[in-house]
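Have a look at the structure below, then the notes.
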Amino acid sequence: MALTTELRTQLQLREVAGIPLQASTVDNWSQIQNFEAKPDDLLICTYPKSGTTWIQEIVDMIEQNGDVEKCQRAVIQHRHPFIEWARPPQPSGVEKAKAMPSPRILRTHLPIQLLPPSFRENNCKFLYVARNAKDCMVSYYHFQRMNQMLPDPGTWEEYFETFINGKVGWGSWYDHVKGWWEMKDRYQILFLFFEDIKRELWGIGKTTSLWFRVKDLMKSTDKRWKEPQ
């Protein structure tokens, strides 16, 4: 697919506070930072290629009490808007989130220091998933190779240096994970590891402690959860 000049411009990386983000996101930064979170929001947070869609589907399955048909009601980006996503003239992630009824499940790749302030001000719940840096790097590299919407990663050797130096979209893996880890006891952050989730799901075919930890995080005053049969 040939990219238009406008789209190429939107996809270029520019920095916000030293963090590389797509230009379309930077152009929409005021709207993102002024986003009004609600106290019953749940924000799924990950560094890119850390199992984001996977954990979204797990959370949605929990929310829908295991009803597969309900989980297929819409594509994942409509069920859980990506708050920093912007690609004019399409509706932005912020606009999609505003149109959703509460309680909302949203997602982001933003490092914690760039998060819209209202999430912390409203004591929202966060679900953070961290993945091994090597696996993130390999996955990110091949994702950029096959995705024409992203910059050409170059050779593996070139990309290795780019990734290690935090010059990829959403910045340094190390700083991202470290930032969220250091705040996990100050806010309602459930910090999970990709490898632990994978081991638990593959080992017994369903979640046990993971189920209860995520379920407890998602509880709100007007919603109750049931253990799957």
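Okay, here's what the table says:
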item	result
Residue within the stretch 151-158 that is over 30 Å from residue 65 (Cα atoms), surrounded by fewer than 16 Cβ atoms within 10 Å (Cβ to Cβ) and among the hydroxyl-bearing types (Ser, Thr, Tyr) present	yes
Subset of the stretch 184-203 (residues that are more than 20 Å from residue 59 (Cβ to Cβ) and surrounded by 14 or more Cβ atoms within 10 Å (Cβ to Cβ))	none
Qualifying residue in the stretch 120-141 (condition: more than 25 Å from residue 62 (Cα to Cα), surrounded by 14 or more Cβ atoms within 10 Å (Cβ to Cβ) and without any contact (Cβ under 8 Å) to a residue 24 or more places away in the chain)	yes
Subset of the stretch 43-60 [surrounded by 17 or more Cβ atoms within 10 Å (Cβ to Cβ) and more than 11 Å from the chain's Cα centre (by Cα)]	58, 59, 60
Candidate set: the stretch 61-87, residues that are within 27 Å of residue 117 (Cα to Cα) and part of a loop (DSSP other than H, G, I, E, B); chosen: the one farthest from the chain's Cα centre (by Cα)	87
From the options 74, 133, 97, 86, residue that is at pLDDT below 95 and over 19 Å from residue 12 (Cβ atoms)	74
Residue check for residue 217: at pLDDT below 70 and surrounded by 14 or more Cβ atoms within 10 Å (Cβ to Cβ)	yes
Breaking point among (1) surrounded by 14 or more Cβ atoms within 10 Å (Cβ to Cβ); (2) of a type outside the set (A, V, I, L, M); (3) more than 30 Å from residue 132 (Cα to Cα); (4) at pLDDT 95 or above, for residue 81	(3)
All positions within the stretch 137-151 that are assigned to a helix (DSSP H, G or I), under 22 Å from residue 80 (Cα atoms) and in contact with a helix residue (DSSP H, G or I) (Cβ under 8 Å, 6 or more places away or on another chain)	140
Residue in the stretch 24-40 that is out of contact with any helix residue (DSSP H, G or I) (no Cβ under 7 Å at 6 or more places or on another chain), of a type in the set (Asp, Glu) and part of a loop (DSSP other than H, G, I, E, B) present	yes
Residue within the stretch 105-119 that is modelled with pLDDT under 95 and in a loop (DSSP other than H, G, I, E, B) present	no
Residue pairs meeting the criteria (Cβ under 7 Å; at least 6 apart or on separate chains; first over 18 Å from residue 119 (Cα atoms), in the stretch 11-38; second of a type in the set (Phe, Trp, Tyr) and in a helix (DSSP H, G or I))	16/29
Residue tally, condition within 22 Å of residue 107 (Cα to Cα) and in contact with a helix residue (DSSP H, G or I) (Cβ under 6 Å, 6 or more places away or on another chain), over the stretch 152-167	0
Of all residues in the stretch 90-116 being among the basic types (Lys, Arg) and under 29 Å from residue 167 (Cα atoms), the one that is surrounded by the most Cβ atoms within 10 Å (Cβ to Cβ)	107
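The values are calculated or read from the model by the stated rules, or taken from the named source; none is laboratory data. This structure is a prediction, so every number in the text was calculated from the model and none was measured. Neighbour counts are summed over all protein chains in view; Cβ atoms, including those assigned to glycine, are modelled from backbone coordinates with ideal geometry.
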